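K.L.:
Let me begin by handing over the structure; questions about it come next.
The values are calculated or read from the model by the stated rules, or taken from the named source; none is laboratory data. What you see is a predicted model, and the numbers here were worked out from it, not measured in a lab. Note: ideal-geometry Cβ built from the backbone for every residue, glycine included; neighbour counts use all protein chains shown.
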């Protein structure tokens, strides 16, 4: 699985995307690209359109204008299932986990697309279904090991701290073995230590598995430390794009985000 | 042939090749290494090390949690006649510099990236350290440090090297004798540099075997290795005795899963320091608080029964039929399920050591049917000096000298030990060696104690802290401050205590209340208070502490030698003793001398017979500011009990 991390060609290309809800223009004419193996951040103040952008990429929203190409295929709008099958996974800003289910089962749901057996076989759990479950479980265990959540395997997710729930959310996305991972504010609401842990997981993931990562983040410090390139949005417009150091010095960005309070 | 660790391993591999030697939980499943597989792995690592240049008497440091391949690495070094030195995995990089330079260590086998980073950090200062191998490659793919390689590569090269040399392992093992050095353990010195305790195969195996025979350990035991392997205790339970008995050592998945793994494995032979037992009990208590009323009632009822008859049953004493039946019902409803929840239902022998254990805590475990016992020993004695027999376990003694151990107690109360398990020397430290080893082979423990009527050793304090009363009715009586202080601290309401009495006519004490415990106690009684200092001086609280002190006195009176150490006067301090103010060490031991100087006026008042004393104390707050606290402290006289001399 190990790949040498080398930033490659463009895998995801977003062209002139515009999205509006009635009269509200959430995104206007946004273009940017994501290269293989890179960590690409989308930042911006509240309401800048970051989550809307992510939702366009994984097919939750349908943009009125523009096109998205992923690995050479161009779509007017993406379809969620198709997107998942193409190796694109995401985590959610407000955690969409099954609170009553164990950590193990939650991550197992991420393997659903990889299962071949039908509902009936899975219900009986015999022969092929059992073998398949064992194989899938092994993958899930690797993720549990990677994210260091072994003590909570059988704990219902609802009983875990917020920081750990975020980790489980990431685990479920990883279960799909994505080649491109969309992270929606992976560090929102965390304390400093949890943020450091999460940053390390993101870097390790990118490094060990070569996963391309697009992340939305509010915490400027974290973004500048871990990402290769940054897109800055403000009120649905793109106002900056480049390496963290360039973006940091861009006067538009400073006035829109860094220099003002929201 | 004399036993060495590699010989013991080969012997198990020959006699019972498919029996499990080690288990480790990997990807959620316990994976077993058989003795045969272990011998193969050890052979490959040893061959790899030999090829990498390791020779007889070279030193290898092993740093990490309990991992099967790290245990194999220690065996591999011993195969070559080289010496493994396990070091504490949670030490910071700087702490590695002394052992590595002192022992001129050339090789290291470490667990993971965390340890590799430390090795790289100290390398500039440790010029001998040429080769470092790591067990877990995560995060290390891009490290280009010269001499750094994965353990897999070492195993691989060893395998290739062995291919053309059949029988090499057996020949190498035969060349190492029982009197060769088996391991060096660095003791964490509180002052000055740590000392490397040198043990031979003979000393470690003799001590391990004597204790194993005492407890009738077999090859069917299950042990969970969860304490640092650099500590000789863990190294004995999961290495020396493991190889001597051939039982199974289980390595937990990670430090945070120990309780889950304890439940999975259900060890039969278990060791934990008192704080672990305390932690387990706290979890039980908290969960019982949340339980429904009938469950709470059942728990309280049957725990009372257990306290009354449990220890007697475990000791094999006579118990009435009604009590027996009552206890059996409790076994079914409470004790059995409780032991199971704790993961201790299969425990046949459990030990605690390292510090004094409170009688309530000790009795709790014994009363629910866990054969918890105490032992006494140190790194220098290869652990076992005294051990409690199954039916003579007491909270305040440490048991009978083990077979082959001789004890001598000098007139100052200091304990000397002679046994097969004694250290050979401190590594490259002849002065320190001469201080503890006498010419005629006795080891000076530095602990003070005495043998009670039943021949059980009782440890009371460090020998240098033991004093004598001077003047007064108990002139010349032995005074052991820590012994008295510990007895006070076993009460939940007492957080710290400092006792004075050396070269004085009587014993006086200053007590710190436990703010949380006493605060709760006060709330339940609708006792209003404004803060720590106020609570500490409430007459009700002082009565509460007086009660504790008098119980301690009654207890001390029962002891012929220590009856003179009863506390005649005490006061409750207005502030918590704090390491930031220099009153405690960082490991939370009271600095008696410093406190006496700082609170000179209080000590004087205690001995001058005053009934209150005003005091002002400078304090440092956590944000770095400093200020003064002032209070008028009441001083209380307590009841002294006549010594109950034992009839001869």
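K.L.:
Is there any pair with a first residue in segment B:130-158 that is at positive phi and more than 14 Å from chain A (Cβ to nearest Cβ) and a second that is at pLDDT 95 or above and in a strand (DSSP E or B) whose Cβ atoms are under 8 Å apart and which are 6 or more apart or on different chains, and what are they?
P.N.:
Once the first residue is at positive phi and more than 14 Å from chain A (Cβ to nearest Cβ) and sits in segment B:130-158, its partners that are at pLDDT 95 or above and in a strand (DSSP E or B) give B:147/B:131; B:147/B:132.
K.L.:
What are the residue pairs meeting all of these: first residue in segment B:21-34, first residue within 14 Å of chain A (Cβ to nearest Cβ) and at pLDDT 95 or above, second residue part of a strand (DSSP E or B) and crowded, with 16+ Cβ neighbours inside 10 Å, Cβ atoms under 7 Å, and 6 or more apart or on different chains?
P.N.:
Correct list of pairs: B:24/B:251; B:30/B:23; B:31/B:23; B:31/B:24.
K.L.:
Right, here's the next one. Pull up segment B:421-456, narrow it to residues that are part of a loop (DSSP other than H, G, I, E, B) and under 22 Å from the mean Cα position of the chain (by Cα), then point me to the one that is nearest to residue B:198 (Cα to Cα).
P.N.:
Taking segment B:421-456 first, the residues part of a loop (DSSP other than H, G, I, E, B) are B:421-424, B:427-429, B:438-442, B:452-456.
Remaining after also requiring under 22 Å from the mean Cα position of the chain (by Cα): B:421-423, B:456.
Working: B:421: 11, B:422: 9, B:423: 6, B:456: 29 Å.
Once the filter is applied, the top-ranked residue is B:423.
K.L.:
Let me ask something else about it. With the condition kept exactly as written, say whether any residue in segment A:218-225 is touching a residue at least 12 places away in the same chain (Cβ under 8 Å), in contact with a helix residue (DSSP H, G or I) (Cβ under 9 Å, 6 or more places away or on another chain) and closer than 25 Å to residue A:176 by Cα.
P.N.:
We begin by selecting, within segment A:218-225, every residue touching a residue at least 12 places away in the same chain (Cβ under 8 Å); these are A:218-220, A:222-225.
When the remaining residues are screened for being in contact with a helix residue (DSSP H, G or I) (Cβ under 9 Å, 6 or more places away or on another chain), the result is A:218-220, A:222-225.
Narrowing the set further to residues that are closer than 25 Å to residue A:176 by Cα leaves A:223.
The answer is yes; a qualifying residue exists.
K.L.:
On to the next question. Within the bounds of segment B:229-249, is there any residue that is surrounded by 20 or more Cβ atoms within 10 Å (Cβ to Cβ) and on the phi > 0 side of the Ramachandran plot?
P.N.:
yes
K.L.:
Residues that are under 20 Å from residue B:337 (Cα atoms) and either within 17 Å of the chain's Cα centre (by Cα) or within 14 Å of chain A (Cβ to nearest Cβ) (or both): list the strands (runs of 3 or more DSSP E) wholly contained in segment B:203-283 that include at least 2 such residues. Lay out the reasoning, then the answer.
P.N.:
Values: elements: B:222-224, B:248-251, B:269-271.
Those strands (runs of 3 or more DSSP E) span B:269-271.
K.L.:
Would you call residue B:243 within 25 Å of residue A:149 (Cβ to Cβ), touching a residue at least 12 places away in the same chain (Cβ under 8 Å) and in contact with a helix residue (DSSP H, G or I) (Cβ under 6 Å, 6 or more places away or on another chain)? Outline the logic, then answer.
P.N.:
Values: within 25 Å of residue A:149 (Cβ to Cβ): no; touching a residue at least 12 places away in the same chain (Cβ under 8 Å): yes; in contact with a helix residue (DSSP H, G or I) (Cβ under 6 Å, 6 or more places away or on another chain): yes.
No.
K.L.:
Would a scan of segment A:43-51 turn up a residue that is part of a helix (DSSP H, G or I), under 23 Å from residue A:228 (Cα atoms) and out of contact with any helix residue (DSSP H, G or I) (no Cβ under 6 Å at 6 or more places or on another chain)?
P.N.:
Checked segment A:43-51: at least one residue is part of a helix (DSSP H, G or I), under 23 Å from residue A:228 (Cα atoms) and out of contact with any helix residue (DSSP H, G or I) (no Cβ under 6 Å at 6 or more places or on another chain).
Listed here are the residues, each with its yes/no results for (1) crowded, with 24+ Cβ neighbours inside 10 Å; (2) assigned to a loop (DSSP other than H, G, I, E, B); (3) in contact with a strand residue (DSSP E or B) (Cβ under 9 Å, 6 or more places away or on another chain).
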{"site": "B:65", "(1), (2), (3)": "no, yes, yes"}
{"site": "B:84", "(1), (2), (3)": "yes, no, yes"}
{"site": "B:89", "(1), (2), (3)": "no, yes, yes"}
{"site": "B:114", "(1), (2), (3)": "no, no, no"}
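K.L.:
Same structure, new question: For a quick check of your reading: which strands (runs of 3 or more DSSP E) sit entirely within segment B:545-648 and have at least 1 residues that are over 27 Å from the mean Cα position of the chain (by Cα) and free of Cβ contacts under 8 Å to residues at least 24 places away in the same chain? I'd like the intermediate steps shown before the answer.
P.N.:
Values: elements: B:567-572, B:612-620, B:626-637.
Answer list for segment B:545-648: B:612-620, B:626-637.
K.L.:
OK, next. Just checking, does segment A:59-76 include any residue being buried (at least 17 other Cβ atoms within 10 Å of the Cβ) and part of a helix (DSSP H, G or I)?
P.N.:
no
K.L.:
Within segment B:84-118, count every residue that is more than 27 Å from the chain's Cα centre (by Cα) and away from chain A (no Cβ under 14 Å). Before you say what the answer is, go through the steps one by one.
P.N.:
First pass over segment B:84-118, keeping only residues more than 27 Å from the chain's Cα centre (by Cα): B:101, B:104-107, B:113, B:116-117.
From the residues that got through so far, the ones that are away from chain A (no Cβ under 14 Å) too are B:101, B:104-107, B:116.
Residues flagged as more than 27 Å from the chain's Cα centre (by Cα) and away from chain A (no Cβ under 14 Å) within segment B:84-118 amount to 6.
K.L.:
In addition: So, in segment A:169-178, how many residues would count as being away from chain B (no Cβ under 14 Å), in contact with a helix residue (DSSP H, G or I) (Cβ under 8 Å, 6 or more places away or on another chain) and in a helix (DSSP H, G or I)?
P.N.:
3
K.L.:
Just checking, how many residues over segment B:288-327 are exposed (fewer than 11 other Cβ atoms within 10 Å of the Cβ) and outside any helix (DSSP H, G or I)?
P.N.:
Step one: filter segment B:288-327 for residues exposed (fewer than 11 other Cβ atoms within 10 Å of the Cβ), giving B:289-290, B:292-294, B:316-318, B:320-322, B:325.
Checking the rest, the ones that are also outside any helix (DSSP H, G or I) come to B:290, B:292, B:316-318, B:320.
Counting residues in segment B:288-327 that are exposed (fewer than 11 other Cβ atoms within 10 Å of the Cβ) and outside any helix (DSSP H, G or I) gives 6.
K.L.:
Given the conditions (1) in contact with a strand residue (DSSP E or B) (Cβ under 8 Å, 6 or more places away or on another chain); (2) assigned to a helix (DSSP H, G or I); (3) closer than 27 Å to residue B:223 by Cα, which single one is not true for residue B:76?
P.N.:
Only one criterion in (1) in contact with a strand residue (DSSP E or B) (Cβ under 8 Å, 6 or more places away or on another chain); (2) assigned to a helix (DSSP H, G or I); (3) closer than 27 Å to residue B:223 by Cα is unmet by residue B:76, namely (1).
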